[in-house]
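Here is the structure we will look at, set down as structure tokens.
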Amino acid sequence: MKICTIIGARPQFIKAAAVSAEIARRKAVKEVVIHTGQHYDHEMSEIFFRELGVPHEKYNLEAGSGLHGQQTGKMLEAMEKVLLKEKPDMVLVYGDTNSTLAGTLAASKLHIPIAHVEAGMRSFNRKMPEEINRIVADHLSDVNLCSTITAMKNLADENLGKSAVLVGDVMYDCAIMFAELAGKRCDPLRRLSLVKGKYALMTCHRAENTDDKKRLTGIIDAINMISRKTTVVYPAHPRTVKFIGKYGLSLSKNVRIIKPVGYLEMILLEKNASVIITDSGGIQKEAFFYRIPCITMRDETEWVETVKLGWNRITGADSTKITASFAKFAGKKPPATSAKPYGNGKSAAKIVNYLVKLR
Ligand code: UD1
Ligand code: UDP
């Protein structure tokens, strides 16, 4: 069986690390990796292949950055050629990025079966580019591999129940797989002179936050206020660096803005933080895996379980709500829970077993 894995953005390299490792264990499956080139800086791409052992791509479509149509169009054109050449039995796509969309569109027009990892997530906000990508990917995929019961329900509501399979979340696999290695390979606390439990970790990159001056200003104001109480470490996505410059915003001295870090350093920065402040999908889940309170600077979340269990507060980009949530978490830790809404850390094996049986 030949599977073409299509990846292109940071979280997809991480998710693929778990699934590709599982594919490599099966003699009956051959994997060909196609990198769309959506992310290309060393610290947004190559670092994950190196440190997580993701098989390097056979093809890089070099789509680069651009407007949505331009970026997706470039990927689509190049992808079609590669898929025609490789003739895979199946295409494997991840998440909800433009790379997911292009991979799904190209494969469906060529009648190649598609399996979609992290299918069925919904924010019910069609202003998010990711929401459009997910809806199209789920509706075109033959197999929708779901992380949560919520995702299964979302697909059933769209009459896609027959294609949906509950496998758990591959990011939980990664969190378990790489935790020990992280401790052996790096020491970001020492590198950045941080003290365990004495700093907040922040990330921000969502288009709805970065591309809107009012929202980004609200976020930066809140972070500056929080930095009066604690050090804030901020591995900054290049998109946000660009907009902070464009809007002329500035960060206080106690906000340590650094380049994006590798996954192994990120695990340790997350685990040792007092609180995580983010608009990332993946990081909301990771905060929950490590039981670190999380403040989500979005108006809604797909990862509703983290909120229901008390570990995640949704604040939007409102500086008052962000700082109030920080104060609440500083005063009282969320309730302990042994709930496992994201599976048991064996999702990658479930995915590959399922796909192999389809042949
Ligand atoms: C994309 C995904 C988003 C995902 C995120 C993960 C879409 C629509 N969005 O958002 O769902 O959460 O990846 O990180 O697919 N840039 C660089 N170097 C890079 C990559 C990007 O400088 O290696 C800068 C460029 O200025 C680019 C901007 O970041 O225009 C945005 O990159 P892009 O891939 O279009 O979207 P992301 O915000 O990364
Ligand atoms: N991540 C990382 N280094 C960073 C920021 C994030 O390794 O500097 C990891 C993070 O731990 C998580 C994933 O990247 O596993 C999340 O990616 P991102 O926030 O870019 O995208 P999203 O999950 O929102 O789509």
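The values are calculated or read from the model by the stated rules, or taken from the named source; none is laboratory data. Small disclaimer: the values here were computed from a predicted structure and weren't measured. For the accessible areas, the whole protein counts, side chains as well, though only heavy atoms, and no ligand, DNA or RNA atoms are used. Shrake-Rupley method; radii C 1.70, N 1.55, O 1.52, S 1.80 Å.
Amide H of VAL32 versus every other amide H placed in the peptide plane: which residues, excluding those fewer than 5 positions away on the same chain, fall under 5 Å?
The list, which skips near neighbours in sequence, is ILE3, CYS4, THR5.
At what distance in angstrom do the alpha carbon centres of the stretch 305-359 and the stretch 118-140 lie from each other?
19 Å
Rounded to the nearest percent, how much of the accessible area of the chain (1.4 Å probe, protein heavy atoms only) is carbon and sulfur?
For the chain, the apolar C and S fraction of the accessible surface comes to 54 percent.
Counting heavy atoms of the protein chains only and a 1.4 Å probe, report the per residue accessible area for the stretch 1-59 as a whole number of Å².
I get 37 Å² per residue for this part.
Could you name the lysines in cross-link range of LYS58, using Cα to Cα under 26 Å and dropping any fewer than eight places away on the same chain?
LYS2, LYS15, LYS27, LYS30, LYS74, LYS81, LYS85, LYS87, LYS109, LYS350, LYS357
What residues have an amide H closer than 5 Å to that of GLN38, excluding those fewer than 5 places away on the same chain, when H is modeled at 1.01 Å from N in the peptide plane?
ALA63, GLY64
Taking a ≥ b ≥ c as the square roots of the Cα gyration tensor eigenvalues, with a/c under 1.5 meaning rounded and otherwise prolate when a/b beats b/c, else oblate, which class fits the stretch 28-140?
rounded
Treating only the Cα positions of the chain as identical point scatterers, give the base-10 log of I(q)/I(0) from the Debye formula at each q in 0.06, 0.10, 0.13, 0.14 Å⁻¹.
Treating every Cα as an identical point scatterer, log10 I(q)/I(0) equals -0.20, -0.59, -1.02, -1.19.
Taking Cα pairs under 8 Å and at least six residues apart, what relative contact order does the chain come out at, in percent?
16 percent
Per residue, how much accessible surface does the stretch 294-354 expose to a 1.4 Å probe? Answer in Å², no decimals.
Each residue of the stretch 294-354 exposes 47 Å² on average to a 1.4 Å probe.
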